[in-house]
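Heads up, the thing below is written out as structure tokens.
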Amino acid sequence: MLEELKELKELKELLQEKKFANLKEYLEKVNSADIPSFFEDMNIEETIIMYRLLSKEKAAEVFTELDPEVKERLIGALTDKELKEVMDELYMDDTVDLIEEMPSNVIKRILKNIDKEDRKLINELLNYPEDSAGSIMTTEFVDLKENMTIEECFKKIKKEGMDKETIYTCYVLSLTRKIVGVVGLKDLLLADKNKKVSEIMYTNVITIGTYEDQEDVAKKFDKYNKYALPVVDNETRLVGIITIDDAIDVMQEEAEEDFEKMAAVIPSEESYFKTSVFTHTKNRIIWLLVLMISSAITGTVITKYENAFAAIPLLVSFIPMIMGTGGNCGSQSSTLVIRGLAVEEIKLKDWLKVLWKEVRVALVVGVLLFVVNSAKVYLEYRDLKLCITLGVTLVSTIIVSKSIGSLLPIIAKKLKQDPAIMAAPLITTVVDLCSIMLYFNIATIIMGI
């Protein structure tokens, strides 16, 4: 942090003193991913000056890392020539992302400075459903023909590789553009130049369908440890590739979305500070209303046991402990099951195995809490029936809460919903209702109320 502040101070000093040559040299040494953080503390005039000092390649790299708001302001400040230079350097998937996040008036100007052929490709990519593999792929890749020699392959890579997103993995196609193999740059470098690429390529190619969900795509990267994966149409013709940086973006996006759902908040694409108070309210109020109404049902159940309160007022003091323990146990189980479903460790068919495991855990946890709580209550009140009531309630509540916590996410998955919606707030509300009913029914039986 101190180092960043020092760098920012040095940059501002160079700007104020108009030492642009020194500033340009300084910026070329800074990593492209770090430069956008400097722009956050600068006004638009300073940002534009700094941006114009970057080389074409570096300017494009920095541009992809900027916040949409800064991008929009930069586009408005750049000349058509400067904007065209930026667009020419951007990879196709980054261009599509830019168009998706810009307002219509800015999009018109962007498209005006893009070649006709590229505009056609952009329109094709924009037609894919949101969150599909087709919507995040790039069409800039190196493809080789299976009858090429290694020497011919290198000639093509040298000729086209500069404008491609990656050259470390190349895809071998048949004459009909069907993918028949994949070859790494290392294998090409080590092979005899007179060999055919078909002799050294890997034919067991892992592919992605254009309409495959982006979350499933990210899981494939995690499972197979690839830097890039090919995207094919229904006839296995290569139409694009997805690289590891795009997969990481998807993982981050999906993780953020799950965290928001687990906190009973409707996901938002904007950052916390850029989201308005009204939008924050809108994203939270629906779930809060649902949970409030659910909690009101719990209150209605409690009022049914007024006679029990009147007979033994002490029972009321243990309600928070019973409800809190049940909610915590349910949340623990749901969190583990949601994670298991996310990483595909738990399948839908495993519901019975999951339930049996959680019931056994609940029994062990319940007995331990029963012993500790009973000892405390007996020493404090010398009431054996109260100890047994609380102990049986704890064990029953923990079994029920862990069962609910483990099954609800699986049910959500079965219904094609995100398991994250069955997280802490909702499960706690359901468990609260069950624990109260268990508590007073057990108390009524054991204590003869």
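Here are some notes:
- Selection count, region 200-253, where residues are within 18 Å of E344 (Cβ to Cβ) and of a type in the set (V, I, T): 4
- Being open to solvent by less than 20 Å² (accessible area, probe 1.4 Å), over 31 Å from the mean Cα position of the chain (by Cα) and at pLDDT 75 or above holds for only one residue in L53, L14, L27, and it is L27.
Every residue, every condition in (1) closer than 16 Å to D246 by Cα; (2) modelled with pLDDT under 90; (3) surrounded by fewer than 19 Cβ atoms within 10 Å (Cβ to Cβ), yes or no:
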position: L98; (1), (2), (3): yes, yes, no
position: P103; (1), (2), (3): no, yes, yes
position: F154; (1), (2), (3): no, no, yes
position: E165; (1), (2), (3): yes, yes, no
position: S174; (1), (2), (3): no, yes, yes
position: R177; (1), (2), (3): no, yes, yes
position: V183; (1), (2), (3): no, no, no
position: K186; (1), (2), (3): no, no, yes
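Residue by residue, here is whether (1) among the hydrophobic types (A, V, I, L, M, F, W, C); (2) free of Cβ contacts under 8 Å to residues at least 60 places away in the same chain holds:
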| site | (1), (2) |
| --- | --- |
| I99 | yes, yes |
| N113 | no, yes |
| D131 | no, no |
| V142 | yes, yes |
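- Filter pass, V372 being aliphatic (A, V, I, L, M) and open to solvent by 30 Å² or more (accessible area, probe 1.4 Å): yes
- Within region 212-221, the set of residues being in contact (Cβ under 8 Å) with a residue 60 or more places away in the chain and either within 20 Å of Y202 (Cβ to Cβ) or of a type outside the set (D, E) (or both) comprises Q214, V217, K219.
- Condition check for E257: surrounded by 17 or more Cβ atoms within 10 Å (Cβ to Cβ) and either at pLDDT 85 or above or in contact with a Pro (Cβ under 8 Å, 6 or more places away or on another chain) (or both): yes
- Yes/no for L386 being open to solvent by 60 Å² or more (accessible area, probe 1.4 Å), farther than 17 Å from G326 by Cβ, among the aliphatic types (A, V, I, L, M) and at pLDDT below 90: no
The values are calculated or read from the model by the stated rules, or taken from the named source; none is laboratory data. Please read all numbers here as calculations on a predicted model, not as lab measurements. Here the Cβ is made from the backbone with ideal geometry for all residues, glycine too, and neighbour counts use every protein chain on show. These accessible areas exclude ligands, DNA and RNA; they are computed on the full protein's heavy atoms, side chains included. Shrake-Rupley method; radii C 1.70, N 1.55, O 1.52, S 1.80 Å.
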